[in-house]
Amino acid sequence: MMLSDIKSEVNIELRKVFKDKKGDEVIIRNYNHQNDREKLIDMYFSFTPENRCLGLPPSSKESIEYWIDHLAKNGLSIVAEFNSRIIGHTAIVPTEDGNADLTIFVHQDFQNRGIGQELLKNIIEVAKKLNFRGITLVTEINNKRAIHIYKKFGFRVVKPYYEYDMYLSLRS
Ligand SMILES: CC(C)(COP(=O)(O)OP(=O)(O)OC[C@H]1O[C@@H](n2cnc3c(N)ncnc32)[C@H](O)[C@@H]1OP(=O)(O)O)[C@@H](O)C(=O)NCCC(=O)NCCS
């Protein structure tokens, strides 16, 4: 079954205001590819190289567009918005074995304010509603901040090599 079929059966509408650690009000909501594509491209195009993880986001505008279109076609995204600007993004894409593969980025101007954890909390809820078996992700072994939040939400390291493969089971 395609993700688009599953999505239509479950209510995954999301729009909430989240007060970040700095006291700013950030909107957490569903991503709409038609309306938000350019804003998301802007976020990733201004991402600094030291904030990339495993080559993502891609650096050229064309590669960013290709990647975002791929995520929109095959997966589901949630964004964080502040002053009409997209400043955080998380996506899940189904894998063949019934899991969802996770991507998450918060723009460097907004990191360490709790926005990443709010995005993660909400995408886990969506993945549960969509009945995925679990969530998989890959990160870099030295990405201490990302690993900290993943572990806080219950992810376990399943392959601790140069890259960290992590997994959260959504079945009890
Ligand atoms: C990783 C990322 C998504 C986290 O989002 P964020 O909004 O910055 O994170 P939050 O503010 O919600 O949470 C950060 C947490 O990490 C902790 N932290 C920060 N730096 C840390 C470090 N060097 N080591 C361990 N923990 C650290 C903070 O204390 C906080 O935890 P706490 O709330 O328990 O105190 C974001 O920083 C980002 O996009 N980084 C660059 C790209 C990236 O790594 N993406 C993930 C790819 S796998």
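May I ask you to compute the full-extension gain from Leu54 to Gln108, defined as 0.36 nm times their residue separation minus their alpha-carbon distance, rounded to one decimal in nm?
Working it through step by step, the gained length comes to 17.8 nm.
By how many nm would the segment from Val157 to Asn35 lengthen if fully extended, with 0.36 nm per residue of separation less the alpha-carbon distance? Walk me through the numbers on the way to the answer.
On the way: separation 122, 0.36 × 122 = 43.92 nm, distance 3.62 nm.
Result for the pair: 40.3 nm of gain on full extension.
Under the classification rounded if a/c is under 1.5, otherwise prolate if a/b is larger than b/c and oblate if not, where does the range 109-148 fall, given a ≥ b ≥ c as square roots of the Cα gyration tensor eigenvalues?
It comes out oblate by the Cα gyration axes.
For Leu130, what residues show an amide H to amide H distance below 5 Å, using hydrogens built from the backbone and excluding near sequence neighbours?
Sorted by chain and number, the residues that satisfy this come to none at all.
May I ask you to list the lysines whose Cα is less than 25 Å away from that of Lys128, ignoring any residue fewer than eight positions away on the same chain?
Straight-line reach from Lys128, under 25 Å: Lys7, Lys16, Lys19, Lys73, Lys151, Lys152, Lys159.
What is the Cα coordinate range of the chain on the first, second and third principal axes, sorted by size from largest, in whole angstrom?
Projected onto the principal axes, the Cα atoms of the chain cover 39, 38, 35 Å.
Pull out the extension gain between His148 and Asn11, defined as 0.36 nm times the separation in residues minus the alpha carbon to alpha carbon distance; nm, one decimal.
My answer for the length gained is 46.3 nm.
Under the rule a/c < 1.5 gives rounded, and otherwise a/b versus b/c splits prolate from oblate, where does the range 48-99 land using the Cα gyration tensor?
Values: a/c = 1.77, a/b = 1.27, b/c = 1.39.
The shape class here is oblate.
Using modelled backbone amide H atoms (1.01 Å from N, in-plane), which distant-in-sequence or interchain residues come within less than 5 Å of Leu170's amide H?
Long-range HN contacts for Leu170: Gly134, Ile135.
Every number here is computed from the coordinates shown, using simple stated rules; none is lab data. The shown structure was predicted, so the numbers you read here are calculated from the model rather than taken from an experiment.
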